[in-house]
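Just below is one structure, and these are the notes that go with it.
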């Protein structure tokens, strides 16, 4: 699997927020075997060191970072944040989030397309956090995005794949664009389901960070993603309306008298 | 001259962005900056003269999802 020409063996992208401690964060990233972690940027006072400490931890892990524009409500804010992230993290990758509403954290797809155009023209490699809407996805691809990241469910909701049909249609519509289910997953079976649909990868954070044992959950997600991908490659059965006996009926003994 | 850094008011002598950041304790830190909503790249900070009322944002790496 590759994103913008970067080959990756792990199909799990892991967020770095909300872990109970830096040690648990480090252990969870290691257990997940993720090669890409998401990061963000926030205000820091001259006297504070927390951001610097966090950055040292991430650098020590040798993983690739995908900075986000979380919290941005307009295309302009997202573009400025992306520029700051590119300099700070020294990467053209940006997880582009433009949020309409703090209650639902639903993507503002209009602002998203607007920001994606500007950023792609400016040399960024954009990972847009979007919905499963195919028209929006088409616009994002037209704008130059070579990865799409539709939501599974609202951020942090742990509901899984709210619209599996829509995600399946998206896979069929974009056979050659890497697709990542981003957000809303709660348990490893949700991630396996995304992979069974043929998605290339899964991005999650809260489901691991706020689990009772984040390190074990990170490993569980990694295994589920591997299993789901293997199942997709093995071409699963389509659901049927009627029963079909698994044991052959030919050659059955005639015992009816 | 009055400037706002991350929303907090500071009274400083007229200065460039680079000098103001040093004076506020940001010297040597991994940060990115914007002035009045516009990104200012690190190499440009010594050339940006601040004006009264400027709003400066200084951000650092943070955990994110």
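For the stretch A:165-173, does any single residue satisfy the condition of being surrounded by fewer than 24 Cβ atoms within 10 Å (Cβ to Cβ) and either under 20 Å from residue A:36 (Cα atoms) or in contact (Cβ under 8 Å) with a residue 60 or more places away in the chain (or both)? Checked the stretch A:165-173: no residue is surrounded by fewer than 24 Cβ atoms within 10 Å (Cβ to Cβ) and either under 20 Å from residue A:36 (Cα atoms) or in contact (Cβ under 8 Å) with a residue 60 or more places away in the chain (or both).
Considering only the stretch A:84-106, state which residues are free of Cβ contacts under 8 Å to residues at least 24 places away in the same chain and at the interface with chain B (Cβ under 9 Å from one of its Cβ atoms).
Looking only at the stretch A:84-106, we keep the residues that are free of Cβ contacts under 8 Å to residues at least 24 places away in the same chain, and these are A:87, A:90, A:101-103.
The one that is free of Cβ contacts under 8 Å to residues at least 24 places away in the same chain and at the interface with chain B (Cβ under 9 Å from one of its Cβ atoms): A:87.
Where residues in the stretch A:38-65 are under 18 Å from residue A:124 (Cα atoms) and facing chain B (nearest Cβ under 9 Å), which of them is surrounded by the fewest Cβ atoms within 10 Å (Cβ to Cβ)? Give the steps one after another, and end with the answer.
Of the stretch A:38-65, the ones under 18 Å from residue A:124 (Cα atoms) are A:38-41, A:64-65.
If we keep only those that are facing chain B (nearest Cβ under 9 Å) as well, we get A:38-41, A:65.
Working: A:38: 25, A:39: 27, A:40: 25, A:41: 25, A:65: 23.
Selected residue: A:65.
Is there a residue being in a helix (DSSP H, G or I) and under 21 Å from residue A:3 (Cα atoms) anywhere in the stretch A:61-77?
Here is the first cut: in the stretch A:61-77, the residues in a helix (DSSP H, G or I) are A:61, A:75-77.
With under 21 Å from residue A:3 (Cα atoms) added as a condition, the list becomes A:61.
Checked against the condition, which is being in a helix (DSSP H, G or I) and under 21 Å from residue A:3 (Cα atoms), the stretch A:61-77 yields at least one hit.
Taking the stretch B:1-27 as the range and being in a loop (DSSP other than H, G, I, E, B) and surrounded by 14 or more Cβ atoms within 10 Å (Cβ to Cβ) as the test, the residues that pass are B:1, B:6, B:12, B:15, B:24, B:26.
Which of the following residues is on the phi < 0 side of the Ramachandran plot and more than 10 Å from every other protein chain (Cβ to nearest Cβ): B:38, B:45?
After ruling out the rest, the residue left standing is B:45.
Yes/no matrix, rows are residues, columns are (1) in a helix (DSSP H, G or I); (2) modelled with pLDDT of 95 or more:
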{"position": "A:19", "(1), (2)": "no, yes"}
{"position": "A:46", "(1), (2)": "no, no"}
{"position": "A:57", "(1), (2)": "yes, yes"}
{"position": "A:80", "(1), (2)": "yes, yes"}
{"position": "A:87", "(1), (2)": "yes, yes"}
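Evaluate the following for residue B:60: is it within 7 Å of chain A (Cβ to nearest Cβ) and not in a loop (DSSP other than H, G, I, E, B)? Considered against the rule, which asks whether it is within 7 Å of chain A (Cβ to nearest Cβ) and not in a loop (DSSP other than H, G, I, E, B), residue B:60 comes out as yes.
The one condition from (1) at pLDDT 95 or above; (2) under 23 Å from residue A:196 (Cβ atoms); (3) within 12 Å of chain B (Cβ to nearest Cβ) that residue A:155 does not meet is (1). Restricting B:53, B:65 to residues that are surrounded by fewer than 16 Cβ atoms within 10 Å (Cβ to Cβ), over 9 Å from the mean Cα position of the chain (by Cα) and assigned to a loop (DSSP other than H, G, I, E, B) narrows the list to B:53. Considering every residue within the stretch A:134-149, establish whether at least one is within 30 Å of residue B:26 (Cα to Cα), more than 9 Å from chain B (Cβ to nearest Cβ), touching a strand residue (DSSP E or B) at 6+ places or on another chain (Cβ under 9 Å) and not in a loop (DSSP other than H, G, I, E, B). No, the conditions are met nowhere in the stretch A:134-149. Within the stretch A:6-19, does at least one residue satisfy the condition of being more than 8 Å from chain B (Cβ to nearest Cβ) and under 29 Å from residue B:22 (Cβ atoms)? No, the stretch A:6-19 has no match at all.
If the condition is being assigned to a loop (DSSP other than H, G, I, E, B) and without any contact (Cβ under 8 Å) to a residue 60 or more places away in the chain, then the stretch A:184-223 contributes A:184, A:185, A:186, A:187, A:197, A:198, A:199, A:211, A:212, A:213. Just one residue in the set A:26, A:109 is within 14 Å of chain B (Cβ to nearest Cβ) and either crowded, with 17+ Cβ neighbours inside 10 Å or modelled with pLDDT under 95 (or both); that residue is A:26.
The values are calculated or read from the model by the stated rules, or taken from the named source; none is laboratory data. Just so you know, these numbers come straight off a predicted model, no measurement behind them. For neighbour counting, all protein chains shown are included, and Cβ atoms are generated from backbone atoms with ideal geometry for every residue, glycine included.
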